[in-house]
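Right, one structure below, let's go through it.
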Amino acid sequence: MIRRQLFNENSQLADLLLVNINLMHILPRFKIDVGVGESTVKQICEERNISIPLFLMVCKVYSLDNYTISQATVDRIPVDQLLGYLHNSHTDYIENRVPSVIRSIIDITQSSYSSHFKAFLQKYKEDTDIHFAYEEEVLFPYINALLNGEKTERYNIKEFQANHTNIQESLNDLKNLLVKYAPLEVEFEKKRKAISELFLLEEDLNKHHVIEDEILVAVVSAIEKELR
Amino acid sequence: MSVSDQYSVAIIEPSRIISQGLMAILHDTDFRVVRQFETIDDFKQWEAVLPEEKRVDVVLLNPALFGTHPSQSLNSFFPDACSSLVAMLYSYTPQELLLEFDAIIGIHDEPITIIEKLRDAVTVASKRLDCQNMDKQELTKREMEILAYVVKGLTNKEIGEKLCISIHTVISHRKNIVHKTGIKTVSGLLMYALFNDIVTVEDIPRE
């Protein structure tokens, strides 16, 4: 059980990582490197002009089960930085996380079905790319326009919320199939690597969706109200 | 009648007259009262420490005990619903609460009626358990047949025509396949079918 009080600006970043190593995944999205000694969250964020409420919010989403964000926190999160973080996350998934998982899985599926498995994985990769591209090409420009005071009738955040497609479905199928039918002739170590990596990616994506569905939606709804 | 042939029953009823009366009616039948309680909390405390295989088959309770919190559903008190829940009715109870019970016995029911109602309630509860365990079952022959057509790229309508069944039946089979395998996407089902030798690589159309 991780204590909520740990997540304050005077905590050392190292201490946060020591209680939840999954926070490693968010560091590159804030352009923070690992190995920052005894620096506190405050020092690290101030040096890099990162909003402290945003950074702590993301850490809490990744570390605490059933974390619910208060309106006061929502109000303190700068939207442009939140968008920047989400954009960097998408790049991270597209360029690093998803290809890496796919490589590990291809590594264990050299069976007679490998061409079909590759096609399945290819389809998964395409679905993921389309999912993120929609956010980058439709949602984010809309929010940026809002930030410039432009209000359009054609689109709103409720529409995003209603249509936020679930890319978890194919990922779930992948987990299910690998756990049940990973080829017996493949070395265990390779299977351990591929399956663990897949589960980690899923966990990470779940948290990413919490940030989008709950925090981003709350922040953007507030701006929409102001402009009305 | 030996203990193992009997259904175990717990009674939750504040009135001693009623619970003693029920015990008398159930004496020497296929139901055996293992314990009686005056409040739901007492029952829950007792049940909490019970191993799963010792859970009672039937819980007979007086719905009036819910009187102080009528807005709460039965589900919140008996979330896993392994036992049959039977209401014993002798005062007014809201209709929506009664709907949640597996059977209702009234104060004027004959002993034979009460026993018949309890037997029905046990059947209802065992069917409910079967539904919960369905994902552990394997695909039926028919479901495998349909899965093979699905991964070969046939539409629901085409599958229905081939097997001479309605499109609704095809859809309900497909729902069961998804439920049993836990796999939702068509490309995932394709892999499943290959791994389980339901189709071979040659069966699959090239894109």
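Normalised by the residues of chain B, what does the relative contact order come to in percent, with Cα pairs under 8 Å and at least six apart?
Reported as a whole number, the value is 14 percent.
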What whole-number value in cubic angstrom gives the convex hull volume per residue for the C-alpha atoms of region A:158-228?
68
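For a quick protection proxy, order the peptides A:27-36, A:196-205 by their average other-Cβ count within 10 Å, most packed first.
In decreasing order of mean packing, A:27-36, A:196-205 become A:196-205, A:27-36.
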Which trypsin sites (Lys or Arg not before Pro) from region A:54-115 combine a DSSP loop assignment with at most 10 other Cβ atoms within 10 Å?
none
With a point put 7 Å past each Cα toward its Cβ, work out how far A:Gln110 is from A:Asp80 in nm, to one decimal.
5.1
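Among the GluC sites (Glu not before Pro) within region A:1-105, which fall in a DSSP loop and have no more than 10 other Cβ atoms within 10 Å of their own Cβ?
For GluC sites (Glu not before Pro) across region A:1-105 that sit outside H, G, I, E and B with at most 10 neighbouring Cβ atoms in 10 Å, the list reads A:Glu38.
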What does the buried accessible surface come to for A and B, summed over both chains, with the probe at 1.4 Å? Round to 100 Å².
1400
How large is the accessible surface per residue of region A:31-132, computed with a 1.4 Å probe and reported in Å² as a whole number?
47
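With n ≥ 4 as the cut-off for DSSP H runs, can you work out [θ] at 222 nm for the protein assembly as shown, using -39500 (n - 2.57) per run divided by the number of residues, rounded to the nearest 500?
-16500 deg cm²/dmol
For B:185-197, what's the mean count of beta carbons from other chains sitting within 10 Å of each residue's beta carbon?
Rounded to a whole number, the mean comes out at 6.
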Once each part is reduced to its C-alpha centroid, what is the distance from region B:1-65 to region A:16-39 in angstrom?
56
Hey, got the average number of other protein chain Cβ atoms within 10 angstrom for residues in A:116-124?
4
Once the Cβ-Cβ distance between A:Gln122 and A:Val34 is put in as r, and R0 is 35 Å, what FRET efficiency do you end up with, to the nearest 0.05?
0.65
Pulled fully out, how much extra length does the chain show between A:Ala218 and A:Asn88, if you take 0.36 nm times their separation in residues and subtract their Cα-Cα distance?
44.8 nm
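Can you give me the % of accessible surface on chain A that is carbon or sulfur? Probe 1.4 Å, all protein chains present, nothing else counted.
Within chain A, the accessible surface is 50 percent carbon and sulfur.
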Highest-MSF residue in chain B out of B:Val150, B:Val56, B:Val124 [GNM, Cα springs under 10 Å]:
B:Val150
Average beta carbon contacts from partner chains per residue of A:181-188, 10 Å cutoff
1
Suppose every K and R has +1 on its Cβ and every D and E has -1 on its Cβ; what is the size of the dipole of region A:78-227 about the Cα centre, in Debye to the nearest 20?
560
0 to 90° range, to nearest 10: angle between helix B:16-26 axis and chain B longest Cα axis:
60
Where both partners of a DSSP beta bridge lie in the protein assembly as shown, what percent of those bridges are antiparallel, to the nearest 5?
5
Please compute the Kirkwood hydrodynamic radius of the protein assembly as shown from all pairs of different C-alpha atoms, in Å with one decimal.
27.0
Classify region A:4-67: rounded, prolate or oblate, from the alpha-carbon gyration tensor (a ≥ b ≥ c, eigenvalue square roots; a/c under 1.5 rounded; otherwise prolate if a/b is larger than b/c)?
rounded
Applying a 10 Å radius around every beta-carbon, put A:151-159, A:51-59 in order of their mean neighbour count, most first.
A:51-59, A:151-159
Show me the chymotrypsin sites (Phe, Trp or Tyr not before Pro) within region B:146-207 that DSSP assigns to loop and that have at most 14 other Cβ atoms within 10 Å of their Cβ.
none
Rg/Rh over Cα atoms for chain B, Kirkwood Rh, comes to 1.16
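Per residue, how much accessible area does chain B have with a 1.4 Å probe, in Å²?
58
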Any idea which of B:Phe66, B:Leu163, B:Pro205 is furthest toward the positive side of the dipole for chain B, if Lys and Arg beta-carbons carry +1 and Asp and Glu beta-carbons -1?
B:Pro205
Along principal axes, largest first, the alpha-carbon spread of chain A in whole Å comes out as 59, 48, 28
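Just the number, please: carbon plus sulfur as a percent of the accessible area of region B:136-203, 1.4 Å probe, no ligands or DNA/RNA counted.
Details: 1990 of 3760 Å².
After summing per-atom areas, the C and S share lands at 53 percent.
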Taking R0 as 30 Å, what FRET efficiency do you get between B:Thr169 and B:Glu100 from their Cβ-Cβ distance, rounded to the nearest 0.05?
0.50
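The values are calculated or read from the model by the stated rules, or taken from the named source; none is laboratory data. Worth saying up front: this structure is predicted, and the values here are computed from it rather than measured. Please note: Cβ atoms are built from the backbone with ideal geometry, for glycine as well, and neighbour counts cover all protein chains shown. To get the accessible areas, we keep the full protein, side chains included, count just its heavy atoms, and leave off ligands, DNA and RNA. Shrake-Rupley method; radii C 1.70, N 1.55, O 1.52, S 1.80 Å.
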